[in-house]
1. If you put +1 on each Lys and Arg Cβ and -1 on each Asp and Glu Cβ, how big is the dipole of the chain around its Cα centre, in Debye rounded to 20?
2. Who wins for biggest fluctuation among GLY70, GLY50, GLY139 in a Gaussian network model of the chain, springs between alpha carbons below 10 Å?
3. Once both axes come from the Cα atoms, what is the angle between helix 7-22 and the longest principal axis of the chain, in degrees from 0 to 90, rounded to 10?
4. For PHE5, what residues show an amide H to amide H distance below 5 Å, using hydrogens built from the backbone and excluding near sequence neighbours?
5. In degrees between 0 and 90, to the nearest 10, how far off the longest principal axis of the chain does helix 51-68 point, with axes built from Cα atoms?
6. Can you find, among LEU135, LEU120, LEU90, the residue sitting farthest towards the positive end of the charge dipole of region 83-143, where Lys and Arg contribute +1 and Asp and Glu -1 at Cβ?
7. Helix 92-107 against the longest principal axis of the chain: what's the angle in degrees, Cα atoms only, rounded to the nearest 10?
Amino acid sequence: MFEKFGQPSRNAVQYGVEEASRRGDRRIGTEHLLLGLLHDQDTATVIGVGVAEARTKADALDAKALDAIGIPFGDFRPAVAPRKLTRTPLTSGARSVIQRTVALTTAERSRRIMPRHLLLALLEREQPDPAAALLVECGVNAEEVRRKLIAPAR
């Protein structure tokens, strides 16, 4: 399936892998895919949020979740996930996003999966999905971004 990914989309997924590792997560989730996409300046401009700001907001969401169960966040930083020789697995949500990305690309009759396809699939996610929560926390208007992304395809 990843052979259909254009280089910018491959880069976004690879950055997502790095974001998961940076956060100490053993699986790649929708929030990691979103953070990976934000490494691309064009995507960050369309969304209106940079990767550094989104990371800060993701950390705030983590702190809020930990606080809700009585664990003080304090100076907590996730441990770096151990490096493995195998691929980092995707969460079920991230797998769904990848499948939806392929469907959107096919429906558009595009030969390559580009970052906009991945972003459109992420914008369809609803809370409590981590990417949806992060988009809300960043103040992103999903409908407005979706309109921007769909307009060039027409």
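Read-outs: derived from the displayed coordinates by stated rules, not from any lab. This one's a predicted model, so the numbers in the text were calculated from it and none came from an experiment. Methodologically, a virtual Cβ is constructed for each residue, glycine included, from the backbone with ideal geometry; neighbour enumeration extends over all protein chains shown.
1. On the way: 24 positive and 19 negative charges, 155 e Å.
It works out to roughly 740 debye.
2. GLY70
3. Long axis of 7-22 versus the principal axis of the chain: about 10 degrees.
4. ILE113
5. 50
6. LEU90
7. Orientation of helix 92-107: about 10 degrees from the principal axis.
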